[in-house]
């Protein structure tokens, strides 16, 4: 659990007021003031909300009391890495509602690396988020469409690239490489890059996909 010193340092590093941190994390300003002043200890839920908010703003917490800006690119690998990436999608969309976009999707890849149970859990929780929509491009003829909250459209086979998907969510662009025995996700947290790709995605979504 992050410490009061890390919370103070994170807010200072981002140049945020207690009011701005309160609104962003969904935690009362009085609570933040008490924690930063070492008057009260944060509950596990409060600490989770603050850590999630600050990490979403591009910070990384270092044991025991450090905090720094994240690297521009984050890499997730393997089954556990893929799960962590998908939960980052959920947490990010929870903080920043809107539409997330995914191209070159074969849902079998998601089921393989998440497992049926974890996949369903993430889909169910994502479906409860207010103001969040999903647009997913699959290959023409694909009928394995498992995200009940999402809208799917199909592109011709010659415009579909197997086993490499691109995911845009809020300010983040993720490139996912699925292999037979491994999966690698590279995430760039850059709002302009994400917005650029989203414009290209919307061109396919509106003009080519059916």
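Computed values, structure above
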| item | result |
| --- | --- |
| Counted residues, region 75-106 - those being crowded, with 17+ Cβ neighbours inside 10 Å and more than 15 Å from the chain's Cα centre (by Cα) | 4 |
| Residue satisfying all of: in region 171-196; surrounded by fewer than 18 Cβ atoms within 10 Å (Cβ to Cβ) and in contact (Cβ under 8 Å) with a residue 24 or more places away in the chain; farthest from residue 56 (Cα to Cα) among these | 182 |
| Region 4-56: number of residues that are under 25 Å from the mean Cα position of the chain (by Cα) and at negative phi | 37 |
| Of all residues making up region 6-27, the number that are over 18 Å from residue 94 (Cα atoms) and either touching a helix residue (DSSP H, G or I) at 6+ places or on another chain (Cβ under 6 Å) or surrounded by 15 or more Cβ atoms within 10 Å (Cβ to Cβ) (or both) | 11 |
| Hits in region 161-175 (condition: assigned to a strand (DSSP E or B) and in contact with a helix residue (DSSP H, G or I) (Cβ under 8 Å, 6 or more places away or on another chain)) | 165, 166, 167, 168, 169, 172, 173, 174 |
| Residues located in region 37-54, provided they are free of Cβ contacts under 8 Å to residues at least 40 places away in the same chain and in contact with a helix residue (DSSP H, G or I) (Cβ under 7 Å, 6 or more places away or on another chain) | 38, 40, 46, 49 |
| Among the residues listed as 59, 13, 50, the single one being at pLDDT 90 or above and closer than 30 Å to residue 174 by Cα | 50 |
| Residue match in region 131-138 (condition: in contact with a helix residue (DSSP H, G or I) (Cβ under 7 Å, 6 or more places away or on another chain) and touching a residue at least 40 places away in the same chain (Cβ under 8 Å)) | yes |
| Residue satisfying all of: in region 141-172; at pLDDT below 95 and within 15 Å of the chain's Cα centre (by Cα); nearest to residue 74 (Cα to Cα) among these | 172 |
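Okay, residues lined up against (1) under 18 Å from residue 173 (Cβ atoms); (2) in contact (Cβ under 8 Å) with a residue 60 or more places away in the chain; (3) not assigned by TED's automatic domain parsing to the domain that holds residue 198:
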residue: 78; (1), (2), (3): no, yes, no
residue: 82; (1), (2), (3): yes, yes, no
residue: 85; (1), (2), (3): yes, yes, no
residue: 96; (1), (2), (3): yes, yes, no
residue: 102; (1), (2), (3): yes, yes, no
residue: 105; (1), (2), (3): yes, yes, no
residue: 114; (1), (2), (3): no, no, no
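The values are calculated or read from the model by the stated rules, or taken from the named source; none is laboratory data. The shown structure was predicted, so the numbers you read here are calculated from the model rather than taken from an experiment. Here the Cβ is made from the backbone with ideal geometry for all residues, glycine too, and neighbour counts use every protein chain on show.
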